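Heads up, the thing below is written out as C-alpha cells.
The values are calculated or read from the model by the stated rules, or taken from the named source; none is laboratory data. Just so it is clear, the model here is predicted, and its values are computed rather than measured. Reconstructed Cβ throughout: ideal geometry from the backbone, glycine too, with neighbour counts over all protein chains shown. Note: areas computed on protein heavy atoms with side chains; ligands, DNA, RNA excluded. Shrake-Rupley method; radii C 1.70, N 1.55, O 1.52, S 1.80 Å.
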Amino acid sequence: MMKDLINLKDLSAKEINELFKLAFTIKKNKKKYNQILTGKTLGLLFAKPSTRTRVSFEVAMHQLGGDTIFLRSKELQLNRGETIADTAKVLSRYLDGLVIRTFSQEEVEVLAKESSIPVINGLTDKFHPCQVLTDYFTLVEKGIDLKKMKFAYVGDGNNVCHSLMQAAVKLGVEFWAAVPEGYEPDKDILCEVSSEADKNGSKIHLTNSPQEAAENADCIYTDVWVSMGQDDSKDKKISKFKDFQINNALVKLAKKNYVIMHCLPAHREEEITSEVLDSKNSIVWDQAENRLHLQKAILVTLMGDKLELNGSD
Ligand code: CP
Ligand code: NVA
C-alpha cells in the first residue's frame, strides 16, 4: 500500500477492494478496532468548509483510539507566507497523519512529497477520493455488481466526477457522465481514464443528454452545480444546468431498482428535487454514514502499525 491517498489514479483495483473488505470488517466489529490507533494523532488541515469529511474523519479517529487536531489553513503561518513544503516538514514531526482539504491538487502533492507521514486528500478542486471510495463501497454493500451496472453521473464535470471516473475504470464500471456543454470533465483526466478503461473492461461515455445517461441506469448520481470556490459563476451555471436536474421525469428512465446517490451537501430543488432525494430509492444517508467506515479503513491501512516480524521490542 502506498504512503498517501491523494489521487485514485495511484490505487490498483486490488488495493481498492482491500479497503472495501477492511471497511466491511471494521463496520461489523467496531469494538475490535477501538484501540488500533491509540497514541496517534491525525491533523485535519482545511481551507474550505466541511460537514461530512471533517466530522467523519474526527469520529473515525476517536473510535479507533486516536486523537485529532483541526487546523484552519487561514490560522496557520501558511497564511503569512510559510511554504507548504516547510509546513509539511514541521507537521510531520508532530502528527502521525494529515487530511487536507484545499483548492489546488498541486499543493496536496507537494505536501505529500515533503511529509514523512501519510497525507490524505479530503477534497481539492480536482479530486475527492475518500468520497468516491465510499460511494462504490456503498454500492457493493447494497449488493450491486459493479462490473454489471450502468452508472449515470448527471451534472458538473467536477472533482467528484473526476474521482468517480477514475475508480470506475479500475473497478470495471460502465460509466456515463451527462454534463452541459462547456462543463465537461478535465481533458487530461478523460484521456487517462479512457486509456485505462480499455484495459479493465470498463467504458466511459460522455453525453450532453441526461436522458441518455439515465436510460436503464442502476445508479443516478449528482453533485452541486456550483462547487466551493465557484460562487462568482453561480448565476451562469444555474441557468446552464437547469435541464440537468434529477427529478421524477428523469428517474423514470432508470432500471426498476435504481438507486439515487449524492455526495452531499444537496441544494434541494436545484440539482435534485426533494421528492427524489427523500424517495425510497435514495441511499444518500447510508452513503454519508459510510464515509465513517470507509475512512476508518483508510486510516488503519495508512497509519496502523505494521506487524514487525523481526522486531525486538
Ligand atoms: N461530501 C462531502 O465531502 O461533504 P462535506 O463538504 O460536508 O465534507
Ligand atoms: N463538488 C463539490 C463537492 C462537495 C463535497 C465541491 O467541491 O464543492
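Please report the equivalent ellipsoid semi-axes of the chain, computed as sqrt(5 x eigenvalue) of the Cα gyration tensor, largest first, in whole Å. Working through the eigenvalues yields semi-axes of 32, 22, 18 Å.
In this structure the chain gives 46 Å² per residue of accessible area when probed at 1.4 Å with all protein chains present.
Dipole magnitude for the chain: computed about the Cα centre from +1 point charges on Lys and Arg Cβ and -1 point charges on Asp and Glu Cβ, it is near 920 debye.
Spatially, the stretch 74-99 and the stretch 244-313 are offset by 30 Å when compared through their Cα centroids. With 21 Å as the limit, the listed pairs Lys40/Lys89; Lys3/Lys28; Lys30/Lys170; Lys31/Lys296; Lys126/Lys150; Lys32/Lys147 have Lys3/Lys28; Lys30/Lys170; Lys126/Lys150; Lys32/Lys147 beyond it between alpha carbons. Only lysines eight or more places from Lys280 in sequence, or on another chain, were considered; those with a Cα closer than 17 Å are Lys142, Lys252, Lys255, Lys256. Peptides 267-273, 188-194, ordered by how many other C-beta atoms sit within 10 Å of their residues on average, highest first, read 267-273, 188-194.
A cut-off under 9 angstrom between Cβ atoms defines the neighbours of Met303, and their net charge, with Lys, Arg +1 and Asp, Glu -1, is -1. Helix 284-303 versus the longest principal axis of the chain: what is the Cα-based angle in degrees, 0 to 90, to the nearest 10? For helix 284-303, the angle is close to 30 degrees. Rolling a 1.4 Å probe over the protein heavy atoms leaves Ser104 with an accessible area of roughly 40 Å². Taking the longest Cα principal axis of the chain as reference, the axis of helix 52-63 is set at about 40 degrees. For the stretch 1-120, a simple Cβ point-charge model (Lys and Arg +1, Asp and Glu -1, everything else neutral) yields a dipole of about 640 debye relative to the Cα centre.
Computed across the stretch 155-265, the Kirkwood radius stands at 14.5 Å (inverse of mean 1/r, all Cα pairs). If you fit an axis through the alpha-carbon atoms of helix 13-28 and take the longest principal axis of the Cα set of the chain, what angle between them do you get, 0 to 90°, nearest 10? Relative to the chain, helix 13-28 is tipped by roughly 80 degrees.
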